[in-house]
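Readers should treat all values here as calculations from the given coordinates under stated rules, not as data from a laboratory. Because the structure is predicted, anything quoted here is derived from the model rather than measured. Cβ coordinates were reconstructed from backbone atoms using ideal geometry, including for glycine residues, and neighbour counts include every protein chain displayed.
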Amino acid sequence: MNIEVSSVPIEHKPVLRNMFELYRYDLSAFDGRDLGEHGLYDYGYLDHYWTDEHRFPFLVRVNGQLAGFVLVWRVPRENHIETRMSEFFILRKYRGRGVGEAVAHEVFTRFPGVWSLSVDLRNEAGLRFWRRIVGRFTGDACSERHESTSGRVVHEFNVPARERMEAIQAP
């Protein structure tokens, strides 16, 4: 299986926008979000991924076929940059086949440093997925905290530079 994670040029924004509807539909089972007046879910930040230098959109393909997307946001802090997994979506057809893990690991290694990602507590499958994926990637060197106000679990971890990671993973 050939898995590709590639940046999304602005001319392919409609492709990502269309897939975003599938993603929001999946999440509506947990967050209860309703469709807007035009029959679509609204995501007010999508355009920012082509205008904000700290945001990065990626499309996922499996054997050349569209399979999902990833939205990454790098948030400048006082003494570091925190990288956030803003949105992560793999089509149901490709779930449970290692695609999500391979994509997550690829995206993590593209942005070394401090990472955070959050999952709705009601999304039990998402919680299991991220606990497993982040745990494997970091060797369980991650923290997890519950935000009672947002009803989310936040995973925080550090990704070393690629050269160091390769040295760590080598036998």
Quick one: in segment 111-155, what % of C-alpha pairs are over 14 Å apart?
46 percent
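Hey, what D do you get for segment 30-104 in µm²/s if you plug the Kirkwood alpha-carbon radius into Stokes-Einstein at 25 °C and 0.890 mPa s? Intermediate results must be reported in sequence, preceding the final value.
Working: Rh = 14.4 Å.
Using the Kirkwood radius from Cα pairs, D works out to 170 µm²/s.
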With r defined as the distance between the Cβ atoms of residue 35 and residue 122 and R0 fixed at 25 Å, what FRET efficiency is calculated, to the nearest 0.05?
0.85
Charge-dipole axis of segment 1-130 as Lys and Arg at +1 and Asp and Glu at -1 on Cβ define it, positive-most pick from 115, 39, 64:
64
Between residue 136 and residue 63, how many nm apart are label points set 7 Å from Cα along the C-beta direction?
2.0 nm
Once label points are set 7 Å from the Cα along Cα→Cβ at both residue 21 and residue 50, what is their separation, rounded to one decimal in nm?
1.8 nm
With -39,500 (n - 2.57) per DSSP H segment of 4 or more residues and division by the full residue count of the chain, the 222 nm estimate, nearest 500 deg cm²/dmol, is -10000 deg cm²/dmol
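For segment 1-92, give the magnitude of the charge dipole about the Cα centre (Cβ charges: +1 Lys/Arg, -1 Asp/Glu; no others), in debye to the nearest 20.
Values: 10 positive and 14 negative charges, 57 e Å.
Dipole magnitude for segment 1-92 comes out near 280 debye.
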Two decimals is fine: what is log10 I(q)/I(0) at q = 0.10, 0.17, 0.19 Å⁻¹ for the chain, from a Debye sum with one equal scatterer on every Cα and no solvent?
-0.39, -1.21, -1.53
Net charge of Cβ neighbours under 12 Å - reference residue 67; Lys, Arg +1; Asp, Glu -1:
+4
Place the peptides 124-133, 33-42, 60-69 in order of packing, highest mean first, counting for every residue the other Cβ atoms within 10 Å and averaging per peptide.
60-69, 124-133, 33-42
